[in-house]
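Values quoted throughout were computed directly from the atomic coordinates according to the rules given, and no laboratory measurement underlies them. Predicted, not measured: the structure shown is a model, and the values here were computed from it. Here the Cβ positions follow ideal geometry from the backbone for every residue, glycine too, while neighbour counts run over all protein chains shown.
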Amino acid sequence: MPELRKDPIIGRWVIIAAERGKRPTDFKGQFAGPSGKFCPFCAGHEDKTPPEIMSYREPGTERNKPGWRLRVVPNKFPALQIEGNLDKRGVGIYDRMNGVGAHEVIIETPEHHLNITELPAAHIEEVLWAYRDRLTDLKRDRRFTFAMVFKNVGVVAGASLEHTHSQIIVLPTVPRTVRDEMRGGRSFYDFRGRCIFCDMIEQELECGDRVVLDGEGFVAFEPYAARFPFETWILPKRHASHFETIERRSVAELAYCLRTTLQKLEKALSNPAYNYMVHSTPFDVGPIDHYHWHIEIIPRLTKVAGFEWGTGFYINPVPPERAAEFLRQTQVG
Ligand SMILES: [Zn+2]
Ligand SMILES: [Zn+2]
Ligand SMILES: [Zn+2]
């Protein structure tokens, strides 16, 4: 019997309808191998990207030259422009503002042929630390209120270059998804006096059915009202509203949790295309008790079609309990 489940944070209903006779492995990915095309992110091609904003590199090596382990550059085709003011105004019943923001690319390694999951844990730590460094810096620009850190892997997931990279888009406004989550967190907090994400972690760990990985400082689980097959969230066990306040020690724990979770997804689903997104509290809000930063991982196994577009309802053909069980059983590294 299909089941309707409500996401407790934003109140979105999801249809969980296990497709009869299908096993979790029937939802396989389509991540293509290397194309052999020229790559501007490879070592030695530093002059093919805009000049670097930041890099982690070997001592004695020059900016925009080889010798780096990780590089951050402006996106060559940015969604938003860094220069200018917002010029917010109304046009009759409509509202508009200038497309001011930042769009940066984090090139995670000089090696072309490595996936993020093939990088040593210590290197993934550096990737996460780079997120933190960039957010801390971008936060100083008072025009910006929100930063979205995300990663697209595979063409289906929107990656235009195969060389492993993440992106940061900084916005002058808080996006709807995060606003809705914050509003949900706020009303739960007003009612219960606790963080809904902290409560969720406690309940998930106690129940265990949807847990993928119970790590040192982090937990990975399939949300109760998962929109997509194998949708997986990673949260710090200890409450924190802003990703950029993370400490170095926690970054090591997060690197392990993220790497293992992604490795499990890759192995279980034969290298699916996927996206992950970091949801964190806006820059202009201080530390708060009702919103808890987290990473959402969405493997791209199904297509969003007319019903979803028209209703905002998602139909998930793999119950999250089954997906979690399958991922727990998938041995990696
Ligand atoms: Zn490359
Ligand atoms: Zn919390
Ligand atoms: Zn979220």
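Using a Gaussian network model of the chain with C-alpha springs under 10 Å, which one of 210, 259, 194 is most mobile by mean-square fluctuation? Maximum among the listed residues: 194. Excluding same-chain neighbours fewer than eight residues apart, the lysines reachable from residue 303 by a Cα-Cα span under 20 Å are 22, 28, 151. Considered as an equivalent ellipsoid built on the Cα gyration tensor, segment 1-125 has semi-axes of 37, 30, 14 Å, the largest given first.
Qualifying chymotrypsin sites (Phe, Trp or Tyr not before Pro) in segment 281-333, where qualification requires a DSSP coil assignment and no more than 14 other C-beta atoms within 10 Å, comprise 313. Kirkwood hydrodynamic radius computed over segment 226-304 comes to 13.8 Å, based on all pairs of distinct alpha carbons. The alpha-carbon atoms of segment 189-322 define a convex hull whose volume equals 132 cubic angstrom per residue. Loop-located trypsin sites (Lys or Arg not before Pro) in segment 34-82 (DSSP state not H, G, I, E or B) with no more than 14 neighbouring Cβ atoms inside 10 Å: 37, 63, 76. Enclosing the Cα atoms of segment 283-330 in their convex hull gives a volume equal to 172 cubic angstrom per residue.
If you run the Gaussian network model on the chain, springs between alpha carbon atoms under 10 Å, then out of 252, 43, 268 the most flexible one is 43. Panel note: the C-alpha atoms of segment 47-107, placed on their principal axes, show extents of 57, 17, 14 Å (largest first). Comparing 203, 167, 263 in a Gaussian network model of the chain (Cα springs below 10 Å), the most mobile by mean-square fluctuation is 203. Farthest towards the positive end of the charge dipole of segment 178-333, among the residues 197, 211, 241, is the Cα of 211, using unit charges on the Cβ of Lys, Arg, Asp and Glu.
Remark: segment 70-172 is approximated by an ellipsoid whose semi-axes, taken from the C-alpha gyration tensor as √(5λ), come to 30, 16, 10 Å, largest first. For segment 148-199, the Kirkwood estimate of hydrodynamic radius, built from reciprocal distances between every pair of different alpha carbons, is 13.7 Å. May I ask you to work out the translational diffusion coefficient for the chain at 4 °C, viscosity 1.567 mPa s, via Stokes-Einstein with Rh from the Kirkwood sum over Cα pairs, reported in whole µm²/s? Answer from the Stokes-Einstein relation: 62 µm²/s. Dipole size of the chain about its Cα centre, with +1 on Lys/Arg Cβ and -1 on Asp/Glu Cβ: approximately 620 debye, rounded to the nearest 20. Subtracting the Cα-Cα distance of residue 206 and residue 303 from their residue separation scaled by 0.36 nm leaves 31.6 nm. Loop-resident GluC sites (Glu not before Pro) (DSSP state other than H, G, I, E or B) in segment 239-274 with no more than 11 further Cβ atoms inside 10 Å of their Cβ: 247. Centroid-to-centroid, using Cα positions, segment 72-135 and segment 198-215 are 31 Å apart. Counting only DSSP H runs of at least 4 residues, each contributing -39500 (n - 2.57), and dividing by the residue count of the chain, the helix-based mean residue ellipticity at 222 nm comes to -8000 deg cm²/dmol.
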